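What follows is one structure encoded as structure tokens, with my remarks underneath.
The values are calculated or read from the model by the stated rules, or taken from the named source; none is laboratory data. Being a predicted model, the structure only gives us computed values, none of them experimental. Every residue, glycine among them, receives a Cβ derived from its backbone with ideal geometry; neighbour counts consider all protein chains shown.
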Amino acid sequence: MCPALGWNSEMTSCADRAAVQRATAGHAFSQSKNNAGRSLNRTPSPHLLQRQGSDPTSARLRASESPTRRRGSSSASASATGPQQQQLPEEDCMRLNPSFAGIALRSLLAIDLWMSKRLGVCAEEDSSWGSVRPLMKIIEISGHGIPWIAVTLYCMWKSDSAAGQEIMLNLLLALLLDVVLVGIVKALVRRRRPSHNRMDMFASFSVDRYSFPSGHATRAAMGARFLLTHLVLAAPVRVLVLLWAVLVGLSRVMLGRHNVTDVAFGFLMGYFQYSLVEALWVSTAGLQKLLGVLG
Ligand SMILES: CC(C)=CCC/C(C)=C/COP(=O)(O)O
């Protein structure tokens, strides 16, 4: 866990360690093939770090201060080493000179953590807005997958027109697709929920210990787009649907369940999930044909 950025990953710290390791390796590289080989595979010994400048930071600075010089000096020694090792200095240059995108991403994540912590005003009963927590939890349930699936099944069952059934069938498929896609992304990214979150959420899967993206936000964006497209609603109701979607997203951060970027990405993902549902739209006639073929 990186304390500065809060991602569930050792990426940052590992990258730093790897950079120091490679910097050390680069130094040892020009000395002898055996030494270089050893330093590539191990964490640098304190002794070696000391020779380079007493601490990992100075070792890293030293290694990055002159990429050209490093490249030049190592290419001389590279002739004495294997082709695999010849590629290393190039790689060092890329890793040790952080790109603009890398810095921008780190800054965004730091801002994200800071903002999410400040907005998590209902994370506990005794938080500054703790009295609003019960209301936020009602909004949370309104965006949960189980009520959405239950209501969709009920409407499908009650619908007396083929068109209504088709719409509800596709909403049901959309909700199932959403659960699967969100689960996959959460399992891949594995970002931990904010530390101020209390894990007292109604009915969740094990993958829901991860926070990126917010499943409530994907469902809110996809569901709102779906309802606004397929139901004939009066203008005030349309506004209410949009307002509800925004509130669901906001409540995730206020309850401390998510960071802002989890919700922002969730909205984006839900928006595009709806486009996917439209592209894969299943008609009842098509479904009956498919069932006929299968049966
Ligand atoms: C059990 C079903 C059908 C869906 C799980 C709903 C759930 C608990 C999603 C997690 O949402 P966040 O990622 O926004 O916390």
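Can you pull out every residue in segment 172-193 that is within 11 Å of the ligand (Cβ to nearest atom) and either touching a helix residue (DSSP H, G or I) at 6+ places or on another chain (Cβ under 6 Å) or small (Gly, Ala, Ser) (or both)?
Initial filter on segment 172-193 (within 11 Å of the ligand (Cβ to nearest atom)): 175-176, 178-180, 182-183, 185-186, 191, 193.
Once the filter is applied, which keeps residues that are within 11 Å of the ligand (Cβ to nearest atom) and either touching a helix residue (DSSP H, G or I) at 6+ places or on another chain (Cβ under 6 Å) or small (Gly, Ala, Ser) (or both), segment 172-193 yields Leu175, Asp178, Val179, Val182, Gly183, Lys186.
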Subset of segment 106-116, residues buried (at least 16 other Cβ atoms within 10 Å of the Cβ) and either at pLDDT 95 or above or among the aliphatic types (A, V, I, L, M) (or both), comes to Leu109, Asp112, Leu113, Ser116
Taking segment 124-160 and keeping only residues that are of a type in the set (Lys, Arg) and at pLDDT below 95, one is left with Lys158
Restricting segment 194-211 to residues that are surrounded by 15 or more Cβ atoms within 10 Å (Cβ to Cβ) and under 27 Å from Leu242 (Cβ atoms), the one farthest from the ligand (Cβ to nearest atom) turns out to be Pro194
Filter segment 217-246 for residues that are β-branched (Val, Ile, Thr) and within 21 Å of the chain's Cα centre (by Cα); the one that is farthest from the ligand (Cβ to nearest atom) is Val246
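How many residues does segment 121-141 contain that are within 16 Å of the ligand (Cβ to nearest atom), surrounded by 15 or more Cβ atoms within 10 Å (Cβ to Cβ) and either among the aromatic types (Phe, Trp, Tyr) or assigned to a helix (DSSP H, G or I) (or both)? Outline the logic, then answer.
Taking segment 121-141 first, the residues within 16 Å of the ligand (Cβ to nearest atom) are 122-123, 133, 136-141.
Next cut, surrounded by 15 or more Cβ atoms within 10 Å (Cβ to Cβ) only: 122-123, 133, 136-137, 139-140.
Filter again for either among the aromatic types (Phe, Trp, Tyr) or assigned to a helix (DSSP H, G or I) (or both), leaving 133, 136-137, 139-140.
The qualifying residues number 5.
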Log entry, pairs with first residue in segment 192-206 being within 16 Å of Met254 (Cβ to Cβ) and in contact (Cβ under 8 Å) with a residue 12 or more places away in the chain, second being near the ligand (Cβ under 7 Å from one of its atoms) and outside any loop (DSSP other than H, G, I, E, B), beta carbons closer than 8 Å, six or more apart or on different chains, reads Met201/Asp208
Just one listed residue, out of Ser251, Ser214, is within 9 Å of the ligand (Cβ to nearest atom) and among the polar types (S, T, N, Q), and it is Ser214
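Consider Trp148 carefully, then state whether it is in contact with a helix residue (DSSP H, G or I) (Cβ under 8 Å, 6 or more places away or on another chain) and aromatic (Phe, Trp, Tyr). Quick ask: steps written out before the conclusion?
Working: in contact with a helix residue (DSSP H, G or I) (Cβ under 8 Å, 6 or more places away or on another chain): yes; aromatic (Phe, Trp, Tyr): yes.
Yes: the conditions hold for Trp148.
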